[in-house]
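Enquirer: Structure in structure tokens, see below.
Each reported figure results from applying straightforward, stated rules to the coordinates on display, with no laboratory input. None of the values given here were measured: they were computed from a predicted structure. Backbone-built Cβ (ideal geometry, glycine too); neighbour counts: all protein chains shown.
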Amino acid sequence: MKKLHVVWTTGEKEVAMRMIFVYLMDAKSMGWWDEINVVIWGPSARLLAQDKDVQMELDFVMQSGITVEACRGCTEAYGVTKAIKSLGIEVKYMGDTLTQYLQEEGKVITF
């Protein structure tokens, strides 16, 4: 099974809208990966919590079957845990989880 974990760290809206979300939707629709997961980490949590356009695009990503989870330490640091959870995103401490992703046979990329 081909798994991809995308660690989304940038707080730059243009990168999210024109690069990350485009790749995710293409990868899903073209069947490049069997499973795709997004990890919201760092400044991306703040961007997502504050920007309605980014929220709408991520909702399309989630509706396509791509899973999304967020780093609790990051959401707490930015004071956006409640906002991220309200989008239907699982929020949890990600250190162990990311380490497992790096050690398994799937691929991990960061933006």
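Enquirer: Any residue that is under 15 Å from the mean Cα position of the chain (by Cα) and over 21 Å from Glu35 (Cα atoms) - is there at least one of those in the range 98-110?
Expert: Scanning the range 98-110, I find no residue that is under 15 Å from the mean Cα position of the chain (by Cα) and over 21 Å from Glu35 (Cα atoms), so the answer is no.
Enquirer: State all residues of the range 3-24 that are surrounded by 21 or more Cβ atoms within 10 Å (Cβ to Cβ), out of contact with any Leu (no Cβ under 8 Å at 6 or more places or on another chain) and in a helix (DSSP H, G or I); if no residue qualifies, say none.
Expert: Ile20, Leu24
Table: residues versus (1) aliphatic (A, V, I, L, M); (2) crowded, with 18+ Cβ neighbours inside 10 Å; (3) not in a helix (DSSP H, G or I).
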site	(1), (2), (3)
Asp26	no, no, no
Trp33	no, yes, yes
Arg46	no, yes, no
Thr99	no, no, no
Glu105	no, no, yes
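Enquirer: I'm trying to understand the selection: among the residues of the range 65-97, which are within 12 Å of the chain's Cα centre (by Cα) and assigned to a helix (DSSP H, G or I)?
Expert: Ile84
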